[in-house]
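A quick write-up on the structure given underneath.
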Amino acid sequence: MVSDGPWGDLIRGAAPEEIQVNLITVPLRSLHQVLTHAVAEGQAPDLALLDSVWIAEFAVDGFLLPLADLDAEWLGGEHDDDFLEPVVAANRYDGRTFGISPFANVAGFWYHRRALESLGVPPPRTWSELRAAGRAAAQNGSPHPIVMTGGSKGGETTAYCLIAFLESNGAHVLTPEGVTLDSRAAAQALRFLRSLIDEGLMSSAVLGYEWAKPVQLLAEGKAAISFGGSYETRSLAETLGVPLGELWDHVGFMPVPAGPGGAPATVAGTMSYGIFRQAPQPGLAMRLLQRAVAPEALARVARASGRIPARRSAVALTAPSPPFLSQTVELLERAAIRPPTPLYPRVSVQLQAMLEATLTGRLGAAAAARRTAELIGAITGLPVLHEIEAVPPARETLVAG
């Protein structure tokens with residue numbers, strides 16, 4: 001398990017007296033390496049926590065057991081009927097389920113209610129409204145009207161939010177047919193983000209932001225709008241010094257505003273429990289996992305932390321729940337998921353580099369989308385579907401400007 005979050009406590013609390021649990025915690029940044037090394041040494045755990053975007057990688061390498069092999073009846077019934085579809089989809093590879101998620105989060109933006117109300121602008125639902133809100137905040141003296149992570153320093157948070165921006169304009173990274181990133185919609189999304197810097201609505205300093213920096217600026221009153229994830233709920237409440245139940249009185253959370261070619265969009269993220277093929281006790285691990293994700297256990301954690309339960313029955317048990325919980329559940333129901341490829345970690349790095357190249361002006365938007373599509377095609381072995389004709393460098397610079 002990782003040390004930050006409820007993951008270990010859920011397992012401890014679920015263990016009956018006859019099951020002794022030996023729990024090892026590691027930092028999240030080390031988790032992937034620790035797990036792959038354990039498997040290589042033949043010392044994989046029975047049960048482990050992993051980011052859902054690793055599911056495909058670990059499954060195709062044979063590290064994880066298909067959970068239907070352990071309890072097909074529970075999986076096909078209680079699990080598939082009760083767990084939210086984007087979460088179920090995130091834990092599947094090649095039609096089989098390899099992980100179970102107790103909670104989920106969604107990408108979007110946080111905003112200060114009073115700040116936008118004082119500016120006389122509504123929470124933005126389109127890119128045009130986002131630009132208008134940024135301009136109003138800048139004219140009012142906000143040092144950071146709009147903030148997000150803009151490069152590799154932000155790690156997966158950068159890719160997570162960027163994918164949501166692409167989705168908001170009808171653009172996708174991968175489809176079953178191949179790599180579809182080289183599209184007009186993707187270039188338009190990148191060009192819009194670059195324009196926020198050009199207009200002084202977003203600082204070029206975002207290129208150096210780590211994942212927690214944007215929401216910190218929002219909490220300190222230095223930013224009006226911060227792109228990130230619903231997983232920041234508890235830390236935001238703590239930084240603002242307000243009870244979790246009162247957080248929604250101070251801030252709001254919404255999906256990424258709609259671009260000209262799309263609709264408001266969000267992307268689901270989740271941590272998952274998986275059972276390893278090397279597990280000495282896979283049957284006991286499955287039994288423990290089922291108890292850990294029981295609706296009552298998830299509802300209890302959700303009420304205390306603001307996390308979104310991945311089960312409909314657990315959501316119902318949180319009632320009366322804080323307003324942000326019910327609203328983020330609605331977002332999760334229709335969320336997209338990150339590209340389900342075994343090579344996602346390498347794809348994520350390329351997406352981060354694409355945004356960084358666009359925001360620095362090193363590449364124009366169309367050139368960045370085209371180059372990244374080709375790199376992702378080389379990484380995944382999937383065909384690259386080009387929608388944009390090659391643009392001469394001088395002309396692309398003109399378009400980007």
Query raised in the report: Quick one: net charge of R135's neighbours, Cβ under 15 Å, K/R +1, D/E -1?
Result: -2
**Report entry** Gyration tensor verdict on the chain (Cα atoms; rounded if a/c is under 1.5, prolate if a/b is larger than b/c, oblate otherwise)
**Finding:** oblate
**Report entry** Exposure ranking of D71, D4 by accessible area [1.4 Å probe, largest first]
**Finding:** D4, D71
Report summary line: Carbon/sulfur accessible area of the stretch 1-87, % of total, 1.4 Å probe, equals 44
Report task. Please tell me the relative contact order of the stretch 225-355 in percent, rounded to the nearest whole number, where contacts are Cα pairs under 8 Å and at least six residues apart. Result -> 29
Query raised in the report: For the stretch 127-191, what % of the accessible area comes from carbon and sulfur atoms, probe 1.4 Å?
Result: 46
Query raised in the report: Rounded, prolate or oblate: which fits the stretch 60-109 when a ≥ b ≥ c are the square roots of the eigenvalues of the alpha-carbon gyration tensor, with rounded for a/c under 1.5 and prolate only if a/b beats b/c?
Result: oblate
Report summary line: On the accessible surface of the stretch 261-373, probed at 1.4 Å with all protein chains in place, carbon and sulfur together account for a percent value of 55
Requested in this report: Work from the charge dipole of the chain (Cβ charges, +1 for Lys and Arg, -1 for Asp and Glu, about the Cα centre) and give the residue of S30, M254, A319 farthest towards its positive end.
Outcome: M254
Report task. Provide the per residue accessible area, probe 1.4 Å, for the stretch 119-237, rounded to a whole number of square angstrom. Result -> 35
Query raised in the report: If you find the alpha carbon centre of the stretch 121-163 and of the stretch 1-75, how far apart are they in angstrom?
Result: 35
Query raised in the report: Any idea what angle helix 127-139 forms with the longest principal axis of the chain, computed on alpha-carbon atoms, 0 to 90 degrees, nearest 10?
Result: 70
Query raised in the report: Once phi is turned into ³J(HN,Hα) by the Karplus curve 6.51 cos²θ - 1.76 cosθ + 1.60 with θ = phi - 60°, what whole-Hz value does each residue of the stretch 275-284 show in order, with x for glycine and proline?
Result: 10, 8, 5, 7, 4, x, 10, x, x, 5
Report task. Specify the longest stretch of the chain that does not include any exposed loop site, a site being one of the GluC sites (Glu not before Pro) with a non-H, G, I, E, B DSSP assignment and at most 15 other Cβ atoms within 10 Å. Result -> 221-388
Report summary line: Summing +1 per Lys or Arg and -1 per Asp or Glu among the other residues with Cβ less than 13 Å from Q216's Cβ gives -2
Query raised in the report: Helix 295-305 versus the longest principal axis of the chain: what angle, 0 to 90°, nearest 10, using Cα atoms?
Result: 40
Query - Per residue solvent-accessible surface (Å²) - the stretch 1-117, probe of 1.4 Å - result: 46
Requested in this report: Any chance you could give the angle, 0 to 90 degrees and rounded to 10, that helix 184-198 forms with the longest Cα principal axis of the chain?
Outcome: 70
Query raised in the report: Shape call for the stretch 1-41 from the C-alpha gyration tensor, a ≥ b ≥ c root eigenvalues: rounded (a/c under 1.5), prolate (a/b greater than b/c) or oblate?
Result: oblate
Report summary line: Sorted by chain and number, the residues with a modelled amide H under 5 Å from that of V384, at a separation of 5 or more or across chains, are V179
Query raised in the report: Which of S230, S152, S313 moves most in a GNM of the chain, Cα contacts under 10 Å?
Result: S313
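The values are calculated or read from the model by the stated rules, or taken from the named source; none is laboratory data. Since this is a predicted model, take the numbers as computed values, not measurements. Here the Cβ is made from the backbone with ideal geometry for all residues, glycine too, and neighbour counts use every protein chain on show. Surface accessibility is based on the protein's heavy atoms, side chains included, excluding ligands, DNA and RNA. Shrake-Rupley method; radii C 1.70, N 1.55, O 1.52, S 1.80 Å.
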